[in-house]
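Participant: This is the structure I want to talk about, given as structure tokens.
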Amino acid sequence: MSTADVPLIAPKPATVATRRRRGSSPAGGITSPKRGPAALVSYLVILVLFLLFLLPFTWLLLSSVETGAGLSASPTWHFTLANFKAILNVQTVYQPMLNSLILSGGTALLTVICSALAAYPLSRFRMRFGRSFLLTILFATGLPITAVMVPVYSLYAHFNLVDSEPATVLFMTASSLPFAIWMTKNFMDGVPVSLEEAAWTDGANWFQSLWRIVLPLMAPGIAVVFIFTFVTQWGNFFVPFILLLTPDKQPASVTIYTFFSQYGEVAYGQLAAFSIIYTAPVVLMYGVLSKFLGGAFNMTGAVKG
């Protein structure tokens, strides 16, 4: 009898009990690790970190509604809005917050546009010095801003650009571009080139393919770059403090130091209330743009074979 005449006996499918004895999941995947001392230690570390981040926010909330708040805050049922009423005026809150929105929003928008235009050739074209240029960009992100402020101030003073908000936005954009280009290039690499090739076949140029194909598909990456730049410049103190001299043009990150008097006395209640208002726009912006932060690009079915 030849081997071709021997009937083949198919192996019995493994039952659920067999899979459990083998240590695999019912779907054939990898099971989660067993909970043990290592998992307990991980949860404790996460809990400690959560408490460390929660305590400052708790102090802000309690101090902002207390009268005569100090370094220590204690829960009380005697709440007051006097701290918020004391700071809600044009000089303390409204004008500085508007200046912060102009500086941070303008910087983030201009950074996103410039980083997309700069990252496109780095992502799509093979250049001889492309890798060297990327490494130079990465090195530029490590330069401290204080190391370049003296020559920048001299340059601005020479061209009469000191105390100019548009000029300040340009420098803040230049300081934000290196890391923004690096991030944008990595996000742009995730968009298949075949989509642009199909558009080029239909007669589109590089700008049309970038505007209508690449940028819409990498919308989560654009949102990440915008949020990162906005949050970074929202808390930027040194650059506006040096380049903006008029108090009416300074952002909230600079005017927050007016709560510290020259004699060492601090209005902690008003400082806490101002800090809550100062944090609100960043939280609201993240909530609005969070729908774009899906974690990955979904391009299934974008290219037909």
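Just so it is clear, none of the values below were taken in a lab; they were calculated from the coordinates. Keep in mind it's a predicted model, so treat the numbers as computed, not measured.
Participant: Regarding the range 71-191, what is the average projected area of its C-alpha convex hull, in nm²?
Facilitator: Details: hull surface 52.0 nm².
If you wrap the Cα atoms of the range 71-191 in a convex hull and average its projections, you get 13.0 nm².
Participant: Where does the range 160-204 land on Rg/Rh, using Cα atoms and the Kirkwood Rh?
Facilitator: Values: Rg = 17.6 Å, Rh = 13.4 Å.
The Rg/Rh ratio comes out at 1.31.
Participant: What is the range 121-244 by shape, rounded, prolate or oblate, if you read a ≥ b ≥ c off the alpha carbon gyration tensor as root eigenvalues and call it rounded for a/c under 1.5, prolate for a/b larger than b/c, and oblate otherwise?
Facilitator: It comes out prolate by the Cα gyration axes.
Participant: So for the range 123-266, averaging the separation of alpha carbon pairs under 8 Å that are six or more residues apart and normalising by length, what relative contact order in percent results?
Facilitator: 30 percent
Participant: Could you compute how fast the range 45-138 diffuses translationally, taking Rh as the Kirkwood radius over C-alpha pairs and applying Stokes-Einstein at 4 °C with viscosity 1.567 mPa s? Give it in µm² per second.
Facilitator: Roughly 70 µm²/s, to the nearest whole number.
Participant: Using only Cα atoms, figure out Rg for the range 210-282 and give it as a multiple of 2.2 N^0.38 Å.
Facilitator: Dividing the Cα radius of gyration by 2.2 N^0.38 Å gives 1.55.
Participant: Relative contact order for the range 43-136 using alpha-carbon pairs under 8 Å, separation at least 6, rounded to a whole percent?
Facilitator: 14 percent
Participant: If you stretched the chain out fully between Ser164 and Val41, how much longer would it get, using 0.36 nm times the residue separation minus the C-alpha to C-alpha distance?
Facilitator: Taking Ser164 through Val41 to full extension adds about 39.0 nm, to one decimal.
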